[in-house]
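Below is one structure, written out as structure tokens; comments come after it.
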Amino acid sequence: MMEKIPTQTGARDQLLSDLKTVIHDAEAWLRHSGSLTGEELKAAKAKFERTLVKAKDDIIRLEEVVVEKTKVAAKATDEYVQENPWKSVGIAGAVGVVIGMLIARK
């Protein structure tokens, strides 16, 4: 039978946090870029770049997790259909009828 695929909400929450930090740093950098001296500007730019790289890494890691979960779900679906072909046909037919009825209502 199918096993439950664990979700990684921590990764998603971390990604959202990193993206908010990138946006906040970009806004602060743009607001204060005119008043920053050479060293302060370099430090602000370096901090912004580090945050951006971290956010990109988190996006790549999250994408890998999603791809892996999709592969597992596709394999589980394929196994289920192979083991229960007539149930699968019945379920697909029922879903088609429901979708057809919803479309016809409009």
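The values are calculated or read from the model by the stated rules, or taken from the named source; none is laboratory data. A quick note: this is a predicted structure, and the numbers were derived from the prediction, not measured. Heads up, the Cβs are rebuilt from the backbone with ideal geometry, glycines too, and the neighbour counts pull from every protein chain shown. For accessibility, only protein heavy atoms count, side chains too; no ligands or nucleic acids. Shrake-Rupley method; radii C 1.70, N 1.55, O 1.52, S 1.80 Å.
The set of residues from the range 15-28 being of a type outside the set (A, V, I, L, M) and either at pLDDT below 75 or open to solvent by less than 60 Å² (accessible area, probe 1.4 Å) (or both) comprises S17, D18, T21, D25. Filtering the range 47-70 for residues that are outside any helix (DSSP H, G or I) and over 19 Å from R12 (Cα atoms) leaves an empty set. Look at (1) open to solvent by 70 Å² or more (accessible area, probe 1.4 Å); (2) out of contact with any Phe, Trp or Tyr (no Cβ under 9 Å at 6 or more places or on another chain); (3) at pLDDT 85 or above and you find that K87 fails only one, number (2).
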